[in-house]
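Following: one structure in structure tokens, then a few remarks.
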Amino acid sequence: MEVKNKSRDWIDILAKLLPGIGAIIAGIFIPLVIHINAERSRSNQLYTEIVSKREMADTELRAKMFENLIKCFFGSTSKQKTDKEKLTLLRLLALNFHEFFDLKPLFEELESELEEGDRYKLREIAKEIAGKQEALLSHIKEGMVFERVLYEGEENGIIVPPEDMNPYRDHRLGIVLTEIGQNEAYVKLHVIDIPEGVKDVGETTDVNFEVSFYDMPFIDNTKLFNATRFAITLKDIVLDKTQRRAARIKIIFFPESYMSTRDRPYLDEMLQQLRNSKRRM
Amino acid sequence: MRRIIFGISMVILLFYGLALGGVLTGRIIKEDGSPLSKTKIIIEGRKVVTNEFGGYAVKLPDGEHELRIVIDGISYTSESINIYSPRTKQNWRIDHRKRRLIKIR
């Protein structure tokens with residue numbers, strides 16, 4: 001009987017204390033939580049503002065630089081440019097803007113104006129830029145790169161990835177060099193997309209295109225199903241021991257969602273930040 | 001004299017016929033879907049070597065054909081195909097049991 005009374009007393013005491021404790025919690029913790037959340041959202045806002053301002057400043061700088069380089073290149077300034085100066089300007093343009101613009105028309109325009117020796121230099125510039133882009137794409141975890149020497153004719157057609165390798169996201173490409181173009185400036189290719197392990201379909205995509213030294217993989221690439229892209233670059237026209245011409249090409253597979261390194265820090269940081277703030281909420 | 005004229009005209013007609021021929025191109029795949037790669041085949045008496053992905057190209061006269069194709073010494077007959085100049089494309093799957101080449105997309 002005494003034990004029962006004691007427990008009832010404790011319950012009474014607790015019942016009296018609970019509203020008080022609740023009031024203390026409500027008075028202290030709820031404003032604290034609200035304050036912390038407000039601080040977080042303020043810091044997120046500040047971060048977004050900083051990033052967008054940085055982006056704007058960078059874009060403005062790039063736009064000015066691009067405008068000035070283009071003006072100089074086309075000679076709207078008083079002095080007519082020499083071939084050497086034009087080569088330097090185009091190299092500057094290409095090195096700084098190769099990820100955003102298709103510079104092929106400029107390369108082609110300048111090529112038509114240049115002498116043989118300078119044309120070689122121009123191709124070297126294009127190869128330098130294409131090489132940079134290939135290197136970037138080669139380092140993607142999910143990318144695949146193949147270098148092949150291709151002779152003209154259907155019978156010399158190649159398949160990449162070869163049969164002894166796994167396909168790239170269910171894709172293999174059959175490539176035929178149909179023609180080596182005038183002045184060895186370009187090659188004509190016939191490319192088919194071969195579905196993996198399908199018995200009733202020979203191919204899914206069939207494209208014919210030209211690849212010149214001025215085609216860059218970031219800009220000149222082809223989309224396939226399964227969020228895949230591929231690009232083909234022309235490295236050289238080579239002669240074998242029998243003086244037979246062939247094209248040395250690079251085939252690069254990469255994910256459709258690939259972003260250039262210049263875009264990636266901003267976007268990655270922002271996405272991470274957004275993910276973090278979502279998790280906190 | 002008539003025979004000579006007939007002979008010449010036949011030769012001319014033969015060359016004309018060949019000139020009208022189109023190129024038949026495409027791929028040949030095995031029953032399991034893998035390509036018939038780097039294989040010597042004979043299409044209507046013309047020797048052809050397939051490439052790494054089973055691709056082939058052969059010049060044939062225009063018109064409807066049921067092709068006779070020899071692969072590894074075995075003769076196959078294809079489903080009927082219309083060949084047009086300058087280029088006709090057709091992929092095939094080998095059906096060993098029926099000794100047929102089946103048209104595929």
Original post:
Within the stretch A:186-202, can you find the residues that are open to solvent by 20 Å² or more (accessible area, probe 1.4 Å) and either of a type in the set (Ser, Thr, Tyr) or within 11 Å of chain B (Cβ to nearest Cβ) (or both)?
Top reply: A:TYR186, A:HIS190, A:GLU196, A:GLY197, A:VAL198, A:LYS199, A:ASP200, A:VAL201
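Test B:ILE83 against the stated conditions and say whether it is modelled with pLDDT of 90 or more, more than 14 Å from chain A (Cβ to nearest Cβ) and under 30 Å from A:ARG148 (Cβ atoms). Step through it out loud before you land on a result.
Numbers: modelled with pLDDT of 90 or more: yes; more than 14 Å from chain A (Cβ to nearest Cβ): yes; under 30 Å from A:ARG148 (Cβ atoms): no.
Here the answer is no, as B:ILE83 does not meet what is asked.
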**OP:** Being outside any strand (DSSP E or B) and more than 16 Å from the chain's Cα centre (by Cα) is the filter; apply it to the stretch B:91-105 and report the residue that is farthest from B:THR77 (Cα to Cα).
**Re:** B:ARG105
Original post:
Are there any pairs, at least 6 apart or on different chains, whose C-beta atoms fall under 6 Å, with the first in the stretch A:57-85 and under 18 Å from A:LYS121 (Cβ atoms) and the second modelled with pLDDT under 85, and if so, which?
Top reply: A:LYS81/A:GLY75
Original post:
Within the bounds of the stretch A:157-169, is there any residue that is part of a helix (DSSP H, G or I) and out of contact with any Phe, Trp or Tyr (no Cβ under 8 Å at 6 or more places or on another chain)?
Top reply: no
Original post:
Among the candidates B:VAL70, B:VAL48, B:VAL58, which residue alone is over 14 Å from B:LEU24 (Cα atoms), in contact with a strand residue (DSSP E or B) (Cβ under 9 Å, 6 or more places away or on another chain) and surrounded by 12 or more Cβ atoms within 10 Å (Cβ to Cβ)?
Top reply: B:VAL70
**OP:** Considering each of A:THR88, A:THR82, A:THR77 in turn, give the residue that is of a type in the set (Ser, Thr, Tyr), modelled with pLDDT of 90 or more, open to solvent by 30 Å² or more (accessible area, probe 1.4 Å) and over 18 Å from the mean Cα position of the chain (by Cα).
**Re:** A:THR88
Original post:
Do you know which of the residues in the stretch B:29-73 that are acidic (Asp, Glu) and out of contact with any Phe, Trp or Tyr (no Cβ under 8 Å at 6 or more places or on another chain) is nearest to A:LEU173 (Cα to Cα)?
Top reply: B:GLU52
Original post:
Filtering the stretch A:147-169 down to residues that are of a type in the set (Asp, Glu) and free of Cβ contacts under 8 Å to residues at least 60 places away in the same chain, which residue is most open to solvent (accessible area, probe 1.4 Å)?
Top reply: A:ASP164
Original post:
Restricting attention to the stretch A:170-180, and to residues there that are among the charged types (D, E, K, R) and in a strand (DSSP E or B), which single residue is farthest from the other protein chains (Cβ to nearest Cβ)?
Top reply: A:GLU179
Subject >> Selection count where residues are more than 30 Å from A:ARG148 (Cβ to Cβ) and either in a loop (DSSP other than H, G, I, E, B) or in contact (Cβ under 8 Å) with a residue 40 or more places away in the chain (or both), scope the stretch B:67-80 >> reply: 4
Original post:
Could you count how many residues in the stretch A:203-228 are closer than 23 Å to A:PHE100 by Cβ, open to solvent by less than 40 Å² (accessible area, probe 1.4 Å) and of a type in the set (D, E, K, R)?
Top reply: 1
**OP:** Please enumerate the residues belonging to the stretch A:114-138 that are without any contact (Cβ under 8 Å) to a residue 40 or more places away in the chain and open to solvent by less than 80 Å² (accessible area, probe 1.4 Å).
**Re:** A:LEU114, A:GLY117, A:ASP118, A:ARG119, A:LEU122, A:GLU124, A:ILE125, A:GLU128, A:GLY131, A:ALA135
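Quick one: which of B:GLU64, B:GLU31 is open to solvent by 60 Å² or more (accessible area, probe 1.4 Å), more than 14 Å from chain A (Cβ to nearest Cβ) and either over 22 Å from A:HIS190 (Cβ atoms) or assigned to a strand (DSSP E or B) (or both)?
Exactly one of B:GLU64, B:GLU31 is open to solvent by 60 Å² or more (accessible area, probe 1.4 Å), more than 14 Å from chain A (Cβ to nearest Cβ) and either over 22 Å from A:HIS190 (Cβ atoms) or assigned to a strand (DSSP E or B) (or both), namely B:GLU64.
The values are calculated or read from the model by the stated rules, or taken from the named source; none is laboratory data. These numbers were taken from a predicted model, which means no experiment stands behind them. Quick reminder, even Gly has a Cβ in these numbers, built from the backbone with ideal geometry, and neighbours come from all protein chains shown. Just the protein is used for accessible areas: all its heavy atoms, side chains included, with ligands, DNA and RNA removed. Shrake-Rupley method; radii C 1.70, N 1.55, O 1.52, S 1.80 Å.
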